[in-house]
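Down below is the structure, laid out as structure tokens.
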Amino acid sequence: MSAATAFPSVANIAPQSFDIRPFSGAVGAEIIGLDLARPVNDLDFSRIHRAHLDHHVVVFRDQRITPEQQIAFSRRFGVLQIHVLKQFLLAGHPEILIVSNIIENGQSIGLGDAGKFWHSDLSYKELPSLGSMLHAQELPAEGGDTLFADLHKAWDSLPHVLRKALEGRSAAHSYTARYSETKFEGNWRPTLTPEQLAQVNEVVHPIVRTHPENGRKALFVSEGFTTRIVGLPEDESQQLLAELYAHSVLPENIYRHPWQPHDLVFWDNRSLIHLAAGCPSHLRRKLYRTTIQGDAPY
Ligand code: SIN
């Protein structure tokens, strides 16, 4: 189901006055003046949808919304995906994954190192994510940025010969590939149960995908979840993937998001990969993530 067909219509709602201001760099725009605690009518919604497709990541400033409101707004774009790490789902709201480095009573309250490697959310599923929304709850005084890299530009700027060689090829994606690798000090990951492991079997996706809504091609590999190129010897596969990863994150194709209080950031996982920069472990960071299911990549 594409976002264009997923939206439930909201009729007879007053319009809101808001601006969409593109950032000066590669991707991204901020949306000022919109209040997601109020209903959003169809016309306003279609402006937001267009901005998301055009800019790939939109930052809704100053959103004083509840988890229920985040879930309701996310649902307008499609079905929500429940993360495999049940330990870190918000009580009473399994649609929300808690992303946090906070430890209470010796236990992590959330996934502390979500985004430790560049990745596209849930690319390890048959139906990877359309997009994700991350709502700031508590932010550190230092660090904690999130980076986004444009995979349409990455594809478009690959040498022609390499594009030709990659067309029609597939790569394997696995949640467990780098699951246990530590990156941010003090964070831990629970051992996956057999039931959890059964939900994250390896999948295979095309290396270049076509965005179902904007029609553009995008590279679809990432250091976080891609493990190998199907049909290539292991050393050749690893070498080529390393080249593609390096090419994906050229500085000119990156937007770095310094979080502001109450930001809600909504990115397109079909166009971007993202990375959490991390923050000093003694500083508290907590965000709520909803993840919207997308189409099977083609
Ligand atoms: C994520 O990858 O979903 C989390 C990104 C972040 O914590 O900045």
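Within region 1-127, what percent of beta bridges assigned by DSSP are antiparallel, to the nearest 5? Could you put the intermediate results ahead of the total?
Working: 8 of 12 bridges.
For region 1-127, the DSSP antiparallel bridge percentage is about 65.
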Along each of its three principal axes, how wide is the spread of alpha-carbon positions in region 139-298, in whole angstrom units, largest first? 47, 39, 29
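Pick out, in residue order, every one of the trypsin sites (Lys or Arg not before Pro) in region 64-116 that is DSSP loop and has at most 12 other C-beta atoms within 10 Å; say none if there are none.
Working: sites: 64, 75, 76, 86, 116; in loops: 64, 76, 116.
Those satisfying the criteria are 64.
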Computed from the beta carbon distance with a Förster radius of 30 Å, FRET efficiency for residue 12 and residue 296 to the nearest 0.05 stands at 0.25
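Report, in debye and to the nearest 20, how large the dipole of region 95-192 comes out about its Cα centre when Lys and Arg carry +1 and Asp and Glu carry -1 on their Cβ. Please report the intermediate quantities before stating the final value.
Details: 9 positive and 13 negative charges, 116 e Å.
The dipole of region 95-192 has a size of about 560 debye.
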For residue 35 and residue 145, FRET efficiency with R0 = 22 Å and r from the beta-carbon atoms, rounded to 0.05? 0.30
Please work out the average accessible area per residue across the chain, using the 1.4 Å probe convention, and give it in Å². 43
Distance-filtered residues of region 44-77 - backbone nitrogen under 15 Å, label point 7 angstrom along residue 216 Cα→Cβ: 50-58
Intensity falloff of region 26-106 expressed as log10 I(q)/I(0), Debye formula with alpha-carbon point scatterers, at q = 0.11, 0.20 Å⁻¹: -0.38, -1.06
Convex hull of Cα atoms in region 1-145, direction-averaged projection (nm²): 10.3
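Can you pull the percent of the chain's accessible area that's carbon plus sulfur, 1.4 Å probe, other chains left in place?
Values: 6760 of 12670 Å².
Carbon with sulfur: 53 percent of the solvent-accessible area.
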Under a GNM of the chain (C-alpha, springs under 10 Å), which listed residue has the highest mean-square fluctuation: 156, 263, 235? 235
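Please give the per residue volume of the convex hull enclosing the alpha carbon atoms of the chain, rounded to a whole number of Å³. Show your work: numbers first, answer last.
Values: hull volume 38.8 nm³, N = 298.
It comes to 130 Å³ per residue, whole-number rounded.
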Given the chain, longest segment not containing exposed loop GluC sites (Glu not before Pro) (DSSP; at most 15 other Cβ within 10 Å): 1-125
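The values are calculated or read from the model by the stated rules, or taken from the named source; none is laboratory data. Owing to the predicted nature of the structure, the values given are computational and were not obtained by experimental measurement. Positions of Cβ are generated from backbone atoms using ideal geometry, with glycine treated the same way; all protein chains shown enter the neighbour counts. Surface accessibility is based on the protein's heavy atoms, side chains included, excluding ligands, DNA and RNA. Shrake-Rupley method; radii C 1.70, N 1.55, O 1.52, S 1.80 Å.
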